[in-house]
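Notes for the one structure printed next.
Rule-based calculations on the coordinates, nothing more; no lab input. Every value quoted in this text rests on a predicted model; they were computed, and no experiment measured them. Neighbour counts are summed over all protein chains in view; Cβ atoms, including those assigned to glycine, are modelled from backbone coordinates with ideal geometry.
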Amino acid sequence: MFIRQLPLWAAQTNCWIVSHSPSDSECVLVDAPPSPDEILHVLVSNGLRPVAILATHGHIDHVGGVASVSRSRQVTESDLPCYINSRDLHMLTDPIGTSGWLGQELLKTGIDLRAPELISNLEDGDKFSGSGLVFEVLHTPGHTQGSICLLVRDSETSEKLLFSGDHLFKGSIGRTDLPGGSYEQLVESMRSKILPLDDDIVVLPGHGETTTIGAERTGNPFVIQM
């Protein structure tokens, strides 16, 4: 697999560009922060053609750029399909109303915050195929009710990656004090969906540096406490 990490916007939210190999022009975007110009610049300058945008959850720092990128004719001839868990769908379709003052401030910048034209659900156990890869959906509520992680397997190399959104970070976990958050749910999601995974799986979070399941199992104080 070939991965590009773009930490964007004020929150340094990671937009992940995923393709099967460095030579492939097709790619999948995991999260699209409200910095669409930067995302589009990287796509265009590298000759990349996204086939879909997958959202790990509905917070505006992860979906604020979805509308602009999905509608851009710089990288696609028609609107890109966007995927999100149904429990966070309202955040994608109404980012201003669900983001309080932050949504109002973003609205002043002129960024396109309309709902994307093509939206589909990603539910627990679903598998999305794109750019020669298969993304398996793990529903991991806790940070939000619709938070998901995406487990990706490369059938040729057996390489496995986990896009963890704001569920699991290097040395930390997602906050649960925002609307829809629940520490108890996050703990249960971690125990039932994430900790059973193999130690060598690389974790690509929504913020910060990459890590592995094994490193977090033994070195993350929040996970150890769980």
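What to note about this one:
- Helix-only CD estimate at 222 nm, as mean residue ellipticity for the chain, using -39500 (n - 2.57) per DSSP H run (n ≥ 4): -5500 deg cm²/dmol
- Build a GNM of the chain with springs between Cα atoms under 10 Å apart, and of 189, 25, 86 the one that fluctuates most is 25.
- R0 of 30 Å, Cβ-Cβ distance residue 79-residue 129: FRET efficiency to nearest 0.05: 0.95
- Simple spin-label estimate for residue 155 and residue 2 in nanometres, 7 Å along Cα-Cβ: 2.0 nm
- Among 110, 130, 146, residue whose mean-square fluctuation peaks in a GNM of the chain (springs only between Cα atoms under 10 Å): 110
- Cα gyration tensor category, rounded, prolate or oblate, for the chain with a/c compared to 1.5: oblate
- The shape of segment 125-226 comes out oblate: with a ≥ b ≥ c from the C-alpha gyration tensor, a/c is at least 1.5 while a/b does not beat b/c.
- Along the chain, longest interval not containing exposed GluC sites (Glu not before Pro), exposed being DSSP loop plus at most 11 other Cβ atoms within 10 Å: 78-155
- Max mean-square fluctuation residue, GNM over the chain, Cα-Cα springs under 10 Å, options 178, 118, 106: 178
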